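For reference, the structure is listed below as structure tokens.
The values are calculated or read from the model by the stated rules, or taken from the named source; none is laboratory data. None of the values given here were measured: they were computed from a predicted structure. Cβ sites come from the backbone with ideal geometry, for glycine too, and all protein chains shown count toward neighbours.
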Amino acid sequence: MLMRTVTVFAPATIANLGPGFDVLGVAIEGLGDWVSVTIRDEPGVVIESITGDNKKLSLDPAQNTAGIAAQEALRLIGVSDVGLSLRIRKGMPLGSGLGSSGASAAAAAWGVNMLFGSPLSKQRLLHASIVAESVVSGWHADNVGPSLFGGFILIRTYDPLDIIELPTPFGLTFALVTPEMELPTRQSRAVIPQEIPLKLHVAQSGNLAALIASLFGGSPILLGRAMQDVIVEPARAPLIPAFEKVKASAFEAGALACSIAGAGPTLFALCDDAITGAIVAGVMQEAFSTYGGLRSSTHVARVDQEGARVVG
């Protein structure tokens with residue numbers, strides 16, 4: 001017998017991870033979105049409520065990533081005689097660079113799938129999530145991929161879509177600091193250079209290759225060395241007040257790497273244990289306040305290995 005209602009949690013993500021613009025991302029523990037999906041007799045998708053968004057998000061399912069993903073998942077499953085009602089609870093700041101829209105899309109798509117007996121794999125449902133994400137930030141999967149699958153995800157190619165799940169070295173910890181400002185993804189993407197000198201391409205390729213190699217048994221120190229972005233970060237850094245000061249403070253406190261999470265303004269620092277992560281998060285928060293005049297929130301977490309899952 002099919003369920004009538006299911007609640008799914010999908011985790012927040014860090015996209016790019018330095019050199020992996022639009023092709024690399026990781027899911028993180030403790031932050032994310034919840035979407036409750038209920039079957040209704042009337043065809044179509046409706047959004048009953050959204051909480052945790054300060055009333056900023058649209059209840060129009062055609063303008064909300066959860067609504068779009070749910071409708072697309074219905075289409076992929078082949079259901080047209082019933083509809084869906086969604087209730088969304090946001091568990092991270094909007095416009096933070098932590099994949100808020102992607103988490104809602106992943107949770108909705110997986111929830112619809114579970115309601116109808118799990119006919120589709122996460123690989124198939126990724127398409128529904130990307131379609132939804134494309135409405136707000138373009139056609140890319142470095143947020144929705146890890147939010148749906150968990151762990152580290154590499155997108156080898158988008159045409160055809162080829163997703164590779166990567167291993168997670170034990171004990172990796174991320175310190176996240178989110179300043180109280182919004183940086184819309186479209187604005188952040190608008191500053192990225194459209195032409196890249198060969199020298200920068202070579203440097204970025206080397207860092208991305210070393211980063212992936214380090215996930216297959218390399219040391220955290222190598223992983224940290226590889227998380228250097230010589231193309232996108234320099235273009236986006238001026239959009240985040242006191243970026244260089246905050247980044248410098250992270251390294252001084254023991255971080256192995258520090259860069260912009262997704263489109264920003266959240267900054268992430270890679271640490272080799274939770275104690276160091278807490279210290280690094282604290283000094284980064286202080287630097288945002290001292291040099292940027294911004295309040296900020298912190299979060300210290302390891303990698304979420306599960307991705308979207310039923311929680312109720």
Is there a residue in the range 157-169 that is touching a residue at least 40 places away in the same chain (Cβ under 8 Å), in contact with a strand residue (DSSP E or B) (Cβ under 9 Å, 6 or more places away or on another chain) and among the aliphatic types (A, V, I, L, M)? yes
Among helices (runs of 4 or more DSSP H) lying entirely in the range 182-234, which contain 3 or more residues that are within 24 Å of S297 (Cα to Cα)? 185-190
From the list K90, K122, which residue is charged (D, E, K, R), at pLDDT 95 or above and within 30 Å of G18 (Cβ to Cβ)? K90
Let me confirm something: among V135, V112, which residue is closer than 19 Å to R186 by Cα, part of a helix (DSSP H, G or I) and not polar (S, T, N, Q)? V135
Answer yes if at least one residue in the range 223-242 is of a type in the set (V, I, T), surrounded by fewer than 19 Cβ atoms within 10 Å (Cβ to Cβ) and farther than 20 Å from G264 by Cα, and no otherwise. no
Check the range 211-224 and report whether any residue there is under 29 Å from V191 (Cβ atoms) and touching a Ser or Thr at 6+ places or on another chain (Cβ under 6 Å). yes
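Under 21 Å from the mean Cα position of the chain (by Cα), of a type in the set (S, T, Y) and surrounded by fewer than 24 Cβ atoms within 10 Å (Cβ to Cβ): is that true of T290 in this structure?
Details: under 21 Å from the mean Cα position of the chain (by Cα): no; of a type in the set (S, T, Y): yes; surrounded by fewer than 24 Cβ atoms within 10 Å (Cβ to Cβ): yes.
Judged against the criteria, T290 is not a match.
Just to check your reading of the model, which residue among D41, D53, D33 is of a type outside the set (A, V, I, L, M), surrounded by 14 or more Cβ atoms within 10 Å (Cβ to Cβ) and within 29 Å of G117 (Cβ to Cβ)?
Details: D41 fails: surrounded by 14 or more Cβ atoms within 10 Å (Cβ to Cβ); D53 fails: within 29 Å of G117 (Cβ to Cβ).
None of the others qualify; the one that does is D33.
Take the range 277-296 and flag every residue that is outside any helix (DSSP H, G or I) and farther than 9 Å from V177 by Cβ. Don't jump to the end; show me each part of the working.
Initial filter on the range 277-296 (outside any helix (DSSP H, G or I)): 293-296.
If the condition is that a residue be outside any helix (DSSP H, G or I) and farther than 9 Å from V177 by Cβ, then G293, L294, R295 are the ones that fit.
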Taking the residues in the range 171-203 that are β-branched (V, I, T) and in contact (Cβ under 8 Å) with a residue 40 or more places away in the chain as candidates, determine which candidate is surrounded by the most Cβ atoms within 10 Å (Cβ to Cβ). V177
Going through (1) in a loop (DSSP other than H, G, I, E, B); (2) surrounded by fewer than 18 Cβ atoms within 10 Å (Cβ to Cβ) one by one, A263 fails only at (2)
Take S297 and tell me if it is surrounded by fewer than 18 Cβ atoms within 10 Å (Cβ to Cβ), among the polar types (S, T, N, Q) and farther than 18 Å from A12 by Cα. no
Would you point out the residue of the range 106-144, among those that are crowded, with 24+ Cβ neighbours inside 10 Å and charged (D, E, K, R), that is nearest to the chain's Cα centre (by Cα)? D142
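Can you pull out the residues in the range 37-82 that are in a loop (DSSP other than H, G, I, E, B), over 20 Å from V136 (Cα atoms) and in contact with a strand residue (DSSP E or B) (Cβ under 7 Å, 6 or more places away or on another chain)? Can you show your working first?
Just the residues of the range 37-82 that are in a loop (DSSP other than H, G, I, E, B), to begin with: 41-43, 52-64, 78-82.
Keeping just the survivors that are over 20 Å from V136 (Cα atoms) gives 41-43, 78-82.
E42, P43, V82, listed by residue number.
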Subset of the range 73-94 (residues that are over 15 Å from H299 (Cβ atoms) and either within 11 Å of the chain's Cα centre (by Cα) or hydroxyl-bearing (S, T, Y) (or both)): S80, S85
Looking only at the range 297-312, count every residue that is out of contact with any Asp or Glu (no Cβ under 6 Å at 6 or more places or on another chain) and either among the basic types (K, R) or not in a loop (DSSP other than H, G, I, E, B) (or both) and tell me the total. 7
